[in-house]
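The values are calculated or read from the model by the stated rules, or taken from the named source; none is laboratory data. Values in this document were obtained by computation on a predicted structure and should not be read as measured data. Neighbour counts are summed over all protein chains in view; Cβ atoms, including those assigned to glycine, are modelled from backbone coordinates with ideal geometry.
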Amino acid sequence: MGMGLNVPIRLEAHMNRRDFMRMVTVLGGATAAASLLPAQAQTQAKAKVALVKTSDRAAGTLRAIELLGIAPARGERVLLKPNFNSADPAPGSTHNDMLKAMVQSLQGMGAKAITVADRSGMGDTRRVMEQKGIFALGKQMGFETVVFDELAEADWAIVKSGDQHWSRGFAVPKLLLDSACVAQACALKTHRFGGHFTLSLKNSVGLAAKQTMRGGYNYMNELHGSRYQRHMVAEINQSYAPALIVMDGVEAFTTGGPDKGKLVKSEVVLASADRIAIDAVGVAILRMFGTTPQVSTGKIFEQAQLARAVELDLGVSASSQIELVTGDPASADYAKQVRALLDV
């Protein structure tokens, strides 16, 4: 990546695609421009969310991806971002069965290479990945692993726009900006530390640095100390556009979270390429099972994470733009319940 990414990249709200591409190409290359572009250029009129009612994570993951009918990993180097905030059992962290199924699916699409990478918030990332057996799994399945906390300062880029709630912008790995295909494995759960819920948008916090150097500015202290925390979560997502998101809702936390909480058997796996769409469906499912007052209150698209993401053109802007895709009667019945809550 070009040295220009060591300076803030400003994404002005009024800037069109052509001007933005020209600016970022000068600063850091066309690859960065593709990753940092606001997502309105990629948003379709309808966003598909595949829904599979299942208690089998691996089979549900493979089926949900199949229902989407996309193969974004073909010929690409894939960055796969799990939820390794801690080593707690799913939904506290990404279940290894789901991770393996995603890797298998991406390899089946023809991925050139896959890198599984994360930064833990509640634990030491390397220790979390060791406890979960990720390094051994990588050797077994042929994927690479990266611990974001261990990257050098030169391996991070500062992303800043004029209307962010981040005082200094935020830092993301250049590996993210260089990845043509980014996939996410997220969970279905609430968040007791101010996020309200942690689905795909919130999972992106693990892509941002706590600090880019020892003793440097602590971006996460700013995030968790701000009354605009949920807005800032959405803003991190300006830095990239996912090609594939899979949400494990076989079990969910309807209160507490992100590590521990009230556990329910929600028996669903979701897949989409649209963060707002899949998170809106996730919130609807949390409401189906009875959740916190914060997550239950108001219209789904008025939730702060989603509302800010809509302002940033990161995906769909209304429930009417979400198409629920199923492949069997049980999943179709489940989707009807979700649709009823989405449209309230």
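Some observations on this one:
- The numbered conditions (1) buried (at least 20 other Cβ atoms within 10 Å of the Cβ); (2) in contact with a Ser or Thr (Cβ under 6 Å, 6 or more places away or on another chain) are all true for D178 except (1).
- Members of segment 219-269 that are outside any helix (DSSP H, G or I) and under 14 Å from the mean Cα position of the chain (by Cα): Y240, A241, P242, A243, L244, I245, V246, M247, D248
- For the residues V246, V233, V268, V250, the requirement of being modelled with pLDDT of 95 or more, more than 15 Å from T94 (Cβ to Cβ) and touching a strand residue (DSSP E or B) at 6+ places or on another chain (Cβ under 9 Å) singles out V268.
- Apart from one condition, Y219 fits all of (1) under 30 Å from G75 (Cα atoms); (2) crowded, with 21+ Cβ neighbours inside 10 Å; the exception is (1).
- Search result, residues across segment 41-96 that are charged (D, E, K, R), out of contact with any strand residue (DSSP E or B) (no Cβ under 7 Å at 6 or more places or on another chain) and within 22 Å of S204 (Cβ to Cβ): D88
- Qualifying residue in segment 313-334 (condition: among the aliphatic types (A, V, I, L, M), under 24 Å from A101 (Cα atoms), part of a helix (DSSP H, G or I) and out of contact with any Pro (no Cβ under 7 Å at 6 or more places or on another chain)): yes
- Residue in segment 270-291 that is surrounded by fewer than 21 Cβ atoms within 10 Å (Cβ to Cβ) and assigned to a loop (DSSP other than H, G, I, E, B) present: yes
- Residues (within 30 Å of G69 (Cβ to Cβ) and either assigned to a helix (DSSP H, G or I) or in contact with a Pro (Cβ under 9 Å, 6 or more places away or on another chain) (or both)) located in segment 292-312: I300, F301, Q305, L306, A307, R308, A309, V310, E311, L312
- As a summary of the residue check, A171 satisfies the conditions (1) touching a residue at least 40 places away in the same chain (Cβ under 8 Å); (2) surrounded by fewer than 22 Cβ atoms within 10 Å (Cβ to Cβ); (3) under 19 Å from L223 (Cα atoms) except for the one numbered (2).
- Residue match in segment 310-333 (condition: closer than 21 Å to G121 by Cβ and touching a Phe, Trp or Tyr at 6+ places or on another chain (Cβ under 9 Å)): no
- Scanning segment 98-140 for residues that are in contact with a Ser or Thr (Cβ under 8 Å, 6 or more places away or on another chain), surrounded by fewer than 21 Cβ atoms within 10 Å (Cβ to Cβ) and free of Cβ contacts under 8 Å to residues at least 60 places away in the same chain returns G123, F135, G138.
- For first residues located in segment 41-70 and surrounded by fewer than 20 Cβ atoms within 10 Å (Cβ to Cβ), partners that are modelled with pLDDT under 95 and not polar (S, T, N, Q) and lie 6+ apart or on another chain with Cβ distances below 7 Å form the pairs A41/R17.
- Extreme residue, nearest to H95 (Cα to Cα), among residues of segment 132-170 that are touching a strand residue (DSSP E or B) at 6+ places or on another chain (Cβ under 8 Å) and among the charged types (D, E, K, R): E144
- Summed over segment 174-197, residues that are in contact (Cβ under 8 Å) with a residue 40 or more places away in the chain, under 29 Å from R227 (Cβ atoms) and in a loop (DSSP other than H, G, I, E, B) total 3.
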